[in-house]
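Peer 1: Got a structure here, written out as structure tokens. Questions coming.
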Amino acid sequence: MNIKIGCTGWSYQGWSGTFYPKNLKSSEWLKYYSQIFETTEINSTFYKIPAQEIVRRWNADTPRHFRFTAKFPSMITHEKRLERVNSEVFAFLASLSPIYEKISALVLQLPPSLSFEESKPRLEELFELLPDDFLYPIEGRHESWFSDEAIAYLKQNKHCLVWNEVAGVTNPMPITSDHYLYIRLIGDRSIPDSEFGKVSKNKDIEIENWATRLEDINDIPNAMVMANNHFEGFGPHTANSLRMQLGMRELFWEQKKQKTLGSF
């Protein structure tokens, strides 16, 4: 299985001096991040459709092999609940045009109040609009998304249901696509933003369980895993821990490099 592991975003003040060199300007953070990790999930698109000027900068700051995923704007998924969203969808897709060749997936994170039954006809309309250029994993959080009916529908239409670890969601991790998995390690909201950049919770056992789950899958060729700061307090550490559990190369960044040099 080809597994790409990254973080849900890169622009966190708490990473300055822990992941990023202390004096590195925030405008240089993505360039630095993309030298360490090979993928990221753009979290900011959930809150606002980005200006093309910003997206062009993302393209310029990342190497050709780097890959983005991005969350659909909350205007589409939460405020309008997938209903009558044509203009917003076209605006969102247009905004991302500078990084089209670097996009792997666009994530439909749905609100916990949006059931499968309510979503189904709206999704069918939405997928009539969406180009075939990207993958569209669906993160349903209402319990109906894990019903036999929903899983059968997702399998029939080859839609990937996101696997996640997030407070309030009991996800049985069904495989609904034979092509890929999309995993989001989110956690809860108990770690405040001011504490991002350090490990506040030890999730070694959970990370080991995720590695075992991935190693036990033999017939899915690709997986994307995104780690959020709320999981342990420091997304890069979570991503790196999972990499090492899977036997992948350990990644080194500013703080880790300093510790390594200081040990001699």
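The values are calculated or read from the model by the stated rules, or taken from the named source; none is laboratory data. Note that the structure is predicted; figures quoted are calculated from it, not measured. For neighbour counting, all protein chains shown are included, and Cβ atoms are generated from backbone atoms with ideal geometry for every residue, glycine included.
Peer 1: Output the residues belonging to the range 26-46 that are buried (at least 22 other Cβ atoms within 10 Å of the Cβ), assigned to a helix (DSSP H, G or I) and among the β-branched types (V, I, T).
Peer 2: T45
Peer 1: Please name all residue pairs, on different chains or six or more residues apart, with Cβ atoms under 6 Å, provided the first residue is in the range 204-217 and is surrounded by 12 or more Cβ atoms within 10 Å (Cβ to Cβ) and of a type in the set (D, E) and the second residue is at pLDDT 95 or above and assigned to a helix (DSSP H, G or I).
Peer 2: E208/Q245
Peer 1: Just to verify a result, which residue in the range 165-189, among those that are loosely packed, with under 11 Cβ neighbours inside 10 Å and of a type outside the set (A, V, I, L, M), is nearest to G247 (Cα to Cα)?
Peer 2: Once the filter is applied, the top-ranked residue is H179.
Peer 1: Moving on to the next point. So, in the range 150-164, how many residues would count as being among the polar types (S, T, N, Q) and surrounded by 17 or more Cβ atoms within 10 Å (Cβ to Cβ)?
Peer 2: 1
Peer 1: Kindly indicate whether A239 is modelled with pLDDT of 95 or more and under 21 Å from T18 (Cα atoms).
Peer 2: So A239 passes the test.
Peer 1: As an exercise: evaluate R243 against (1) within 16 Å of the chain's Cα centre (by Cα); (2) of a type in the set (D, E, K, R); (3) under 24 Å from L123 (Cα atoms) and give the number of the one condition it does not meet.
Peer 2: Condition not satisfied by R243: (3).
Peer 1: Report yes if F252 is surrounded by fewer than 18 Cβ atoms within 10 Å (Cβ to Cβ), under 23 Å from Q13 (Cβ atoms), of a type in the set (F, W, Y) and over 15 Å from the mean Cα position of the chain (by Cα), otherwise no.
Peer 2: Working: surrounded by fewer than 18 Cβ atoms within 10 Å (Cβ to Cβ): yes; under 23 Å from Q13 (Cβ atoms): yes; of a type in the set (F, W, Y): yes; over 15 Å from the mean Cα position of the chain (by Cα): yes.
So F252 passes the test.
Peer 1: Can you find a residue that is under 20 Å from the mean Cα position of the chain (by Cα), more than 30 Å from V169 (Cα to Cα) and surrounded by fewer than 18 Cβ atoms within 10 Å (Cβ to Cβ) anywhere in the range 106-120?
Peer 2: For the range 106-120, residues under 20 Å from the mean Cα position of the chain (by Cα), more than 30 Å from V169 (Cα to Cα) and surrounded by fewer than 18 Cβ atoms within 10 Å (Cβ to Cβ): absent.
Peer 1: Test E215 against the stated conditions and say whether it is touching a Ser or Thr at 6+ places or on another chain (Cβ under 9 Å) and charged (D, E, K, R).
Peer 2: When the stated conditions are applied, E215 does not pass them.
Peer 1: To continue, here is another question. Give the number of residues within the range 1-25 that are of a type in the set (G, A, S) and either part of a loop (DSSP other than H, G, I, E, B) or in contact with a strand residue (DSSP E or B) (Cβ under 8 Å, 6 or more places away or on another chain) (or both).
Peer 2: Selection size over the range 1-25: 4.
Peer 1: Among the candidates P98, P137, single out the residue that is under 30 Å from P63 (Cβ atoms), in contact with a Cys (Cβ under 7 Å, 6 or more places away or on another chain) and surrounded by 17 or more Cβ atoms within 10 Å (Cβ to Cβ).
Peer 2: P137
Peer 1: Among the residues of the range 1-54, which ones are within 19 Å of M75 (Cβ to Cβ), basic (K, R) and touching a helix residue (DSSP H, G or I) at 6+ places or on another chain (Cβ under 7 Å)?
Peer 2: None; the set is empty.
Peer 1: In addition: When you go through (1) surrounded by 17 or more Cβ atoms within 10 Å (Cβ to Cβ); (2) at pLDDT below 95 one by one for F231, which number turns out not to apply?
Peer 2: It fails just one condition, (2).
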